[in-house]
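Asker: There's a structure below that I have some questions on.
The values are calculated or read from the model by the stated rules, or taken from the named source; none is laboratory data. Predicted model, so just to flag it, every value in this text is computed and none were measured. Surface areas here come from the heavy atoms of the whole protein model, side chains and all, with no ligands, DNA or RNA. Shrake-Rupley method; radii C 1.70, N 1.55, O 1.52, S 1.80 Å.
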Amino acid sequence: MAVDELDTRILRLLLEQPRTSVREYARILGIARGTLQARLDRLERDGVITGTGPTLSPAALGHPVQAFVHIEVTQGHLNEVGDGLAEVPEIVEAFSIAGGGDLLTRVVARDNAHLEDVIQKLISLPGVVRTRTEVALRERVPYRLLPLVESIGRSAGK
């Protein structure tokens, strides 16, 4: 889907001021509320906007240890293992990947001992051949999309 300059301005506002009302967004952008709502509806329908909930901190929830676990899966068992991963609450993301392994998961834990327990749970899932774990020491670039949105906006304005 094509994102134009107005869409980019809307997305920037959503990212920078997520708790602002639609009416206030329309005022800031200098457009009609109906125009803004139609744009928001289209961006949601097209899958550009995928959620509106709060971003939570696993560390503040008592899970400050973060690790990335690569999982090698027996051929033909990817869906079964994926379903098993969905049952582990400490798995906050999981992706099918190409390269070193079949799945990449982001895991959070209370401490290193808890991380080991979670990894043992993963290893015991039917279809898991082996795992490789990398512990994150410090977040250097937090999850962000604003620079991408701004880059797309610059391209759309040309």
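Asker: Tell me the volume per residue, in Å³, of the convex hull enclosing the alpha carbons of the range 74-125.
Answerer: With only Cα atoms used, the range 74-125 gives 79 Å³ per residue.
Asker: So what is the relative contact order for the chain, in percent, with contacts set as C-alpha pairs under 8 Å and at least six apart?
Answerer: Once normalised by length, the contact order is 29 percent.
Asker: What is the Cα convex hull volume of the chain when expressed per residue in Å³?
Answerer: That works out to 153 Å³ per residue.
Asker: Bin width 10 Å, alpha-carbon pairs only: give the P(r) of the range 1-79 as whole percents, running from 0 to the bin holding the largest distance.
Answerer: 14, 34, 19, 21, 10, 2
Asker: Follow-up. Please calculate how many Å² of accessible area the chain carries per residue, with a 1.4 Å probe and no DNA, RNA or ligand atoms counted.
Answerer: 67 Å²
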